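S.K.: Quick one: the structure is below, questions incoming.
The values are calculated or read from the model by the stated rules, or taken from the named source; none is laboratory data. In this text the structure is predicted, and so the values were computed from the model without any measurement. Virtual Cβ from ideal backbone geometry, glycine too; neighbours counted across all protein chains shown.
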Amino acid sequence: MCHLSVEKALKAIVLTRKKKPAPKTHDLLRLIELGEIHVPEKHRPILAHLNEASVPTRYPEDVSKLVRHYNRSAAQRYLKETKSLLQWLRTLVK
């Protein structure tokens, strides 16, 4: 859900800045490029992680591996970092 929230925020920025809908993509880094968004250093790690983790978490072949990797502590950290990222992205939508 973190990835989808960030994806939708980035697509809103692309729409606002380019005056046309963003392409159908789940690639957060591509959306950042299209929106000409300069991402502060503190948000880059979570963006990279969410972009990398998108496919395996949507289509898990081995749920047990995901459960080990995304334990409660990791999930809480990703949620906190995503919340901070989303708050910053909201400032870019005008």
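S.K.: Where the second residue is part of a helix (DSSP H, G or I) and the first is charged (D, E, K, R) and lies in the range 33-50, which pairs have Cβ atoms under 8 Å and are six or more apart or on separate chains?
M.R.: E36/R17; K42/S84
S.K.: Where residues in the range 1-29 are β-branched (V, I, T) and in a helix (DSSP H, G or I), which of them is surrounded by the fewest Cβ atoms within 10 Å (Cβ to Cβ)?
M.R.: T16
S.K.: Part of a helix (DSSP H, G or I), in contact with a Ser or Thr (Cβ under 8 Å, 6 or more places away or on another chain) and modelled with pLDDT under 95: does that describe L86?
M.R.: No, not satisfied.
S.K.: Follow-up question, since we're still on this one. Of the residues H69, H43, H49, H3, which is modelled with pLDDT under 95 and touching a helix residue (DSSP H, G or I) at 6+ places or on another chain (Cβ under 6 Å)?
M.R.: H3
S.K.: When only residues in the range 7-34 that are basic (K, R) and farther than 14 Å from L92 by Cα count, which is nearest to the chain's Cα centre (by Cα)?
M.R.: So the residue we want is R30.
S.K.: Could you tell me which residue of the range 30-47 is nearest to L85 (Cα to Cα), considering only residues that are surrounded by 16 or more Cβ atoms within 10 Å (Cβ to Cβ) and not β-branched (V, I, T)?
M.R.: Of everything passing the filter in the range 30-47, H43 is nearest to L85 (Cα to Cα).
S.K.: Need the failing condition index for K94 against (1) at pLDDT 95 or above; (2) closer than 22 Å to T16 by Cα; (3) loosely packed, with under 13 Cβ neighbours inside 10 Å, just the number.
M.R.: (1)
S.K.: Cβ contacts < 7 Å: first residue over 20 Å from P45 (Cβ atoms), restricted to the range 3-19; second residue small (G, A, S) and surrounded by 16 or more Cβ atoms within 10 Å (Cβ to Cβ), any location; separation 6+ or different chain. Result?
M.R.: Correct list of pairs: K11/A22; V14/A22; V14/G35; L15/A22; R17/G35.
S.K.: Which of the numbered conditions does L50 fail, given that it passes all the others? Conditions: (1) crowded, with 18+ Cβ neighbours inside 10 Å; (2) over 20 Å from Q76 (Cα atoms); (3) not small (G, A, S).
M.R.: Here L50 meets the rest and fails (2).
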